[in-house]
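Values quoted throughout were computed directly from the atomic coordinates according to the rules given, and no laboratory measurement underlies them. It should be emphasised that the depicted structure is a prediction, and the values quoted were computed from it without experimental measurement. Note that we place each Cβ from the backbone using ideal geometry, even for glycine, and neighbour counts take in every protein chain shown.
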Amino acid sequence: MDADEAMRRYASGDAAAFNELYETLSPRLYAFCVRLAGRQGDADDLFQEAFLKLHRARATYVTSANVLHWAFAIVRSTYLDRLRTRARRPEQFAEPTEDALKTLPASGETPESDLQALALARLIDRELQGMSERNRSAYILLKLEGLSAAEAAAVIGTTEQAVKQRAFRAHEALREATTRAGWSKIQRG
């Protein structure tokens, strides 16, 4: 099922289209939530809250819009709202868990190569979580989600050039962190 078509039907009142929409969008939206939030529990909450907002905003959906990009924008907006709430009410938060990293599939080559891959994934995850939300979002949308610069700019609400610059800064930070840790350099891209 096409997500755009399912959203058009859902926005026009077809409640049964929600299940199709959810099945189509949820894997990519959840992955985006995990990458933004860094902790599985926070990602779960973010995902649920974003889908609730998507449900509530269905009447405002512009049928010519790409529903995935619209949903990414809702997730990001929800995430930013959560960051602002935390800034207003500082609390002691637990150190990030590695729940999301535990879901990485084993390569099947050797246990050592799987451990090395996990160590590299942890390093990259720590570096992503340490960078600004703008750079992290741009990098995730361009490099991990495969959106074009124009699509990512629409999601973030900025220019294509700004998205490219932010993604480049994130990429350079990741490259520097992996080089400092003794890993082969990440290729420019």
Two-site label geometry, residue 179 and residue 52: point separation in nm, points 7 Å out along Cα→Cβ: 4.5 nm
Quote the FRET efficiency, to the nearest 0.05, computed for residue 19 versus residue 86 with a Förster distance R0 of 30 Å and r equal to the Cβ-Cβ distance. 0.35
Pulled fully out, how much extra length does the chain show between residue 116 and residue 168, if you take 0.36 nm times their separation in residues and subtract their Cα-Cα distance? 16.2 nm
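Under a point-charge model restricted to the Cβ atoms of Lys and Arg (+1) and Asp and Glu (-1), what is the dipole moment magnitude of segment 105-180 relative to its Cα centre, in debye to the nearest 20?
Approximately 340 debye in magnitude.
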